[in-house]
1. Once neighbouring chains are kept in place and the probe is 1.4 Å, which whole percent of the accessible area of segment 1-131 is contributed by carbon and sulfur?
2. Quick check: residue separation of ALA62 and ARG98 times 0.36 nm, minus the Cα distance between them. What number comes out in nm?
3. Go ahead and estimate [θ] at 222 nm for the chain from helices alone: -39,500 (n - 2.57) per DSSP H run with n ≥ 4, summed, over the residue count, rounded to 500.
4. Set the Förster distance to 56 Å, then compute FRET efficiency between ALA374 and THR134 from the Cβ-Cβ distance, nearest 0.05.
5. Give me the number: length gained by fully extending GLU591 to VAL293, i.e. 0.36 nm times residue separation minus the C-alpha to C-alpha distance, one decimal in nm.
6. Taking the convex hull of the alpha carbon atoms in segment 185-324, what volume per residue do you get, in Å³?
7. Helix 53-62 versus the longest principal axis of the chain: what angle, 0 to 90°, nearest 10, using Cα atoms?
8. Largest first, please: the extent of the C-alpha atoms of segment 23-130 along each principal axis, to the nearest Å.
Amino acid sequence: MSRFFITTPIYYVNAKPHLGHAYTTIVADSLARFHRLCGDETFFLTGTDEHGDKIVQAAEKAGSTPQQYVDAVSAQFRDLWPELGITNDDFIRTTEPRHKKVVQTILQQVYDAGDIYLKSYEGLYCYGCEQFLTEKDLDAEGCCPDHKVPPAKISEANYFFRMSKYQGWLKEHILANPDFIRPERYRNEVLSMLDMGVLDDLCISRPKTRLTWGIELPFDSDYVTYVWFDALINYVTALGWPDGDLFARFWEHTDHMVAKDILKPHAVFWPTMLKAAGLPVYQHLNVHGYWLVKDTKMSKSLGNVVEPLALKDRYGLDAFRYFLLREMRFGRDASFSEEALVGRLNADLANDLGNLFSRVLAMTHKYFGGQVPAPGTRTAPADPALGELARNALENYTTLFGRLEFGQALESLWELVRALNKYVDASAPWALFKEGRTDELAGVMYTLLESMRKVALFVWPVMPGTAEAMTAQLGGGFDLARVDLDAEVREFGGLEPGTALAAGSNLFPRVDLPREEPAPQPAAKGKAKEAKEAKGKGKAAKASAPVAQDALGVIDFTDFQKLDLRVGTVLSAEPHPDADRLFVVQVDLGEEAPRQVVAGLREFFQGEDLTGRQVVVVANLAPRPLRGKTSHGMILAVRREGGMELLTASGPVAPGSKVS
Ligand code: MSP
């Protein structure tokens, strides 16, 4: 059996958790779940880093003692994780006695081996960074570039770890193990760091005269450990080093997950510390980029700190988790915006995934009384090309996920989701039903349901709640112990004919972004408006008041009159810069300025095919941002097998002519 040990950084408790902490922890959780799904024995660790000047300062500011303060903030982290679906096996705090003991044992061991020594030192110290800086670290004004304050000149004797001694070994280790630090850009960054010159030895202590909130050095009670030597050791403390069973089982299967801000401590300090202590080093250091907000770092002073719980409450946990993994290219920075989240939710989750489930379930009820039909042959999909596509998609998903290419992995899975939606259109079950071709219909519906079951399984690491809801809707339970992922890629036919399905599915109701400015509202209110939206698009209704399609019923003529349908001439159709399937279309509706409409037509049309065409536009829809571009209407179109046709007038009419 394979094993997998995954860690997050232990977070400082000088501020409450935000989007950045949530991202690392959700990525680590998804990876832990993925390994569990693959059948690996998995251990997942997170926790809090509670010593150091920063914490003392934050406690002072909050008017409490360091201990009261760290207890309170650590609890905020610990309590947040279950809300975000995090399945950590342990939560470690550096103020726990178990940790103090391990830190002291390792310090003593490295000291006894001669790799820790006392040295008088004079240098420029930045209290914000909690470290000495050199002249070349400072900006043009002589300030710390991060904290914008001049460092203090201080002189003191401190203990140093002989890190330079291990520089050659570290470089060789990185060269011999290409995926020790990944993605490659960070490996290269570390290699060039090591090529730049001799590594400085690492200062690992603070005199108690300056800091008492730390772990005392076992060989000199006038000192406490410097924050990194203390913090990094958490990873082995939690496994019960030196003789814990977990340590024996998991240490050689260690993957650390961090962001680029703490690359050097993890890529240089930590492996050399381990080497000096005679411990094997970790397997992989996985380094991701930063979430930015409007291209700027999140910070309390800018007031742009994104709170994970608020997003979870507004959009649902799984949509939030999906967005984070889908949107950030692992290793690169990414920009967070609620607009982008809503765009993904509506496009990928409501339109693609949610719609697939609600359509197929509804059809199975209509044609087979809500039971999985028995196909002629159960072990092969009705359409071999779709079967091939599904195998490839699932195989790519698994490979890419294991390589931390989460966005591409999900894209691969969505190729299958979209192919299944197209398969519904192309195989037209309603026509098969009407023509009484029951065997064919059973084959099509079984293929859809069985493929949906696979999608539900594979998406579990990212969207556990949704996966569990989907498997339940398909008449099963989510039993991790019974999943054989390899077999699910290769084989078809796991779904039992005769299984009773849920009555309906409304996984991801469409959502609207909270509006920033008052938008012109169509006269319609409440039900009638939602009914129009749901019916017009054949999709789930708004989150605020979901309306089941069955309940829509008949509308009044006055309801129809509320729609302002107009014919317009397309002036241009440019690809949306941030969405592969959308055009940003300018339409002449006979108004003062062209109307901008964002339309999902790119799968079927080239921009030049649209220019000059007359189209029918819903002209009184409330404006809606779609991936950063506001849409002021909707172009009407009809899907057909393998494509789409635009609605138009049978002859040329003046732009802006009303449809009645
Ligand atoms: N206590 C140290 C880590 C010690 S590990 C032995 C620390 N703590 S921290 O609270 O500052 O957390 C830093 C980590 O939080 C980053 O490495 C990353 O995992 C996460 N993030 C914080 N802000 C982030 C973004 N804006 N974007 C993505 N992740 C970020 O450093």
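The values are calculated or read from the model by the stated rules, or taken from the named source; none is laboratory data. These numbers come from a predicted model, not from an experiment. Note that we place each Cβ from the backbone using ideal geometry, even for glycine, and neighbour counts take in every protein chain shown. Heads up: the accessible areas ignore ligands, DNA and RNA and are worked out on the full protein's heavy atoms, side chains in. Shrake-Rupley method; radii C 1.70, N 1.55, O 1.52, S 1.80 Å.
1. 49 percent
2. 10.2 nm
3. Numbers: 23 runs with 253 residues, N = 660.
Mean residue ellipticity, 222 nm, calculated: -11500 deg cm²/dmol.
4. Efficiency computed from Cβ-Cβ geometry: 0.15.
5. On the way: separation 298, 0.36 × 298 = 107.28 nm, distance 3.57 nm.
So the extension gain works out to 103.7 nm.
6. Each residue corresponds to 200 Å³ of Cα convex hull volume.
7. Helix 53-62 sits roughly 70 degrees off the main axis of the chain.
8. 53, 42, 27
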